Structure formats: structure tokens, C-alpha cells
Amino acid sequence: MSSGIYLHSPGLVCALGHGIRHVRQALWDAAGPAGLTHTERYSPGRSLPVGEIQAALPSLAHVAPEFRIRNNAIALLALAEMRPAVDAAIGRFGSDRVAIVVGTSTSGLPEGEAARRTLERTGSWPRGFSYAQQELGNLADFLAVELGVTGVAHVISTACSSGAKSLASGARLLNAAMADAVVAGGCDALGAFTVAGFSALEAVSAARCNPMSVNRRGINLGEGAAFFLMTREPGPVRLAGWGESSDAHHMSTPDPTGRGAMRAMQSALQRAGVPAGAVDYINLHGTATHYNDAMESLAVAQVLGTDVPASSTKPLTGHTLAAAGAIEAAFGWLTLVDNPRGVLPPHWWDGQPDPALAPLRLVAPNDSLGRAPRYMLSNSFAFGGSNASVLLGCA
């Protein structure tokens, strides 16, 4: 059955910019891919392209020391555009009827790295450092304090599916009448530990990532945040359906058969009561790693066929980990709203397909449907085989 849950007032920040207007403009810029910058900041001695936020982050001087981390500053910047809508929801429903469900995987990891270096150099932890900065629940606690929310507040940390799964979890809270409004999304910050970890897996590309290409060499990492206000009150975009599955195939490699990914996509369509042919666009997980692209192209071809327009937006943002599913859902929201020609997010790559992959219809710059879109699907597939797909529809 079609969901009566709506996504309002997205707040968004990533390497493409801050705010819906700026991100929309950069997302559809046909002049060339933007977003990534080369730096050694997170990989000393090795310059890598990363999706680093360039906007100035807000001060956290007004909050307790345990909340003074980059991850929370990124979240606060993303919230700025939607804060009036959240405040209005608290006024309508009461603070105890507004919930927070957010995905993250880094929390205060960069601050922990810096504190450890200080400890090694001086023998003492730096002034103001709190181990609570490392807690994965820190982001939800911070948002609850910052927004004045007293309802359910928790973090989902399932790696790269976290942001998408937060929307599914928020929907369940609304369906169970545990909340009347939910702030849901994801946020992650760049750090040296994360870059080193993916580099150790030989999964990081030294150039802009090249999803679905025969020349793909791995991911770029990024940071960012996206949040929605979810309610049952009508809005421009519905969370029409969602699907989740777990492969338990391998710690870091997806099931090559794509069975789990297929189940997630099929569940999203079934929950919405929407046939596969109604999907106008799919935002691919599209990491540009060898195994992910092979698995995902197979799964998409099996569930949706090879004619649905598809793109990966990670060459523009980097892989923002726990924030990716939320940020890419926000790109879906932008695709569905105020877009009468159905202009689609382009797939930036070298144009050299891998003959071993299913031949998906990848979106070129300026491609459009020629009409307003109706449904878009967004995939997020994580380490450990945690899969999530969200289907957004025009109201």
C-alpha cells in the first residue's frame, strides 16, 4: 500500500554546496563535474580527491564540550535551512512528539585522532577533549539538545546504508504513532582514519571516481549531511516505499549475485504498490569499486531493466558514508520538485563501459525525461551486506 508519509524541508550540505538552491545548481551543471578537491589533509604524503565541505561551519561554543565536534557542526549547518519547519512542528505537536533518527559512522573520530596525537606528544589529553565525543549516539543527543526535542532520539550506524535506513526507521515511528514528526537523515565528517582504512582495502581512487567504467579504480571519500522533516502532513514528496535486506555475505564485499540488493529494491516497490516500470530515475550506490558496480548493475537490470535512467552522484560528492543515503535521497527530492522537464542528475564518467557489466542507461549531462518525474529510487549498499533502497514519489 502507498505510504502516507511525506518528506518536508530538506536541509543539505555537501561538497556541492550548502542549501537546496546552491546544490541544485551544482548538481545539474552540465559544464563539468564539480565538488571534489585534491588534498593531503587526510592522507599525508598522498594527494587524493575528496568531497570536502567548503562552507564555513557554525560555531559550537554554545554547547557542552562533548558536542564540540566537526560532525555536529556539519549537522548544524545542514539544519539551518529547515530549522523554522522543525520549530513549527515542535510548536504544533509538542517536543515529546518529535523524534530524531539519524545515521552516522564517524561521530568524533577526527577529534579523537587529534587528541591521540596530543597525548603522544605531551603525555596528556588536550583540554576540552571528552571521550563522549566518540560515542556514535553523540549526533542524536546533540540534535535533541539543539532542537529542544524530548521524543525518541537515536542513531543508526550501519555504514553506508545508515542515512537511507534512518528514513525507513522514521517511517516506522510515524506508523507506530510513537511520533508525529521525525527529523531523519545522516551526517558524516572526513577524517584521516577513514581515508586510511579504505586505502588499506585498496578501494580509494587517486582520481575522480569513475562508476560503471571499465577503468574504474575505486571510491573518493566525502563528508556532508542531509535531513528531512518527516510527517503525515501532505507535502511535495512522499516516502512511497522502502526496502531493507542483509546479505551477511562478506565483511567488505557485496554478494556478487546481487540477491540482497534485489530484495531491497523489490521490497521498496512492493511496499509502495508501484510497478518497476513506473520508476523514472534511479540514483545508484555507484561507488566505482570493481565489486559494487558489478553487483549493482546486475541487480538493477534484474529488477528495473536496462532502460530506466540511472546515475551515480558520488563523482560530485565523494562517498559520504553514513550520510550518503540521505544526501542522495535529497538529490531525489530535488529531482521530483519544481522540475517540469524532468532534468536528471548526470552520471559523470569517462564514457567507457565495462563489457562485463549489465548495460545500464546512464544519464548524460542535460538529459531529461521531457516531463515531470513521478518516482525515483535510491540505493545504498553497505559493508556487511546491509542494503537499503528508498522510493520517493511526487505527492
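How large is the helix-only mean residue ellipticity at 222 nm for the chain, computed as the sum of -39500 (n - 2.57) over DSSP H runs with n ≥ 4, divided by its residue count, in deg cm²/dmol to the nearest 500?
Computed mean residue ellipticity for the chain: -9500 deg cm²/dmol.
With every atom except the alpha carbons ignored, what do you get for Rg and Dmax of region 6-87, in angstroms?
Cα-based Rg and Dmax for region 6-87 come out at 15.1, 46 Å.
Compute the distance in nm between two label points, each set 7 Å from the Cα along the Cα-to-Cβ direction, one at Glu40 and one at Gln270.
A separation of 5.3 nm, rounded to one decimal place.
Decide, for region 70-215, between rounded, prolate and oblate: order the square roots of the alpha carbon gyration tensor eigenvalues as a ≥ b ≥ c, take rounded if a/c falls under 1.5, and otherwise choose prolate if a/b is larger than b/c, else oblate.
The shape class here is oblate.
Once the cut-off is 32 Å, how many percent of the Cα-Cα pairs in region 6-394 end up in the long-distance tail?
27
Could you check the spin-label model distance between Asp354 and Arg127? Points 7 Å from the Cα along Cα→Cβ, value in nm.
Going by the 7 Å Cα→Cβ label model, 5.2 nm.
Could you tell me how far the Cα centroid of region 334-365 sits from the Cα centroid of region 121-141, in Å?
For region 121-141 versus region 334-365, the Cα centre distance is 42 Å.
Would you look at the GNM of the chain, springs on alpha carbons closer than 10 Å, and say which of Glu81, Glu135, Glu40 moves the most?
Highest fluctuation among the options: Glu40.
How would you order 139-151, 177-189, 41-53 from highest to lowest mean count of nearby Cβ atoms within 10 Å?
177-189, 139-151, 41-53
Given springs between every Cα pair under 10 Å in a Gaussian network model of the chain, which of Thr317, Thr287, Thr118 has the largest fluctuation?
Among Thr317, Thr287, Thr118, the largest GNM mean-square fluctuation belongs to Thr118.
Every read-out reported here was derived from the displayed coordinates using simple, explicitly stated rules and does not represent laboratory data. On a predicted model such as this, the values are computed, not experimentally measured, just so you know. Glycine also receives a Cβ, built like all others from the backbone with ideal geometry; neighbour counts cover every protein chain displayed.
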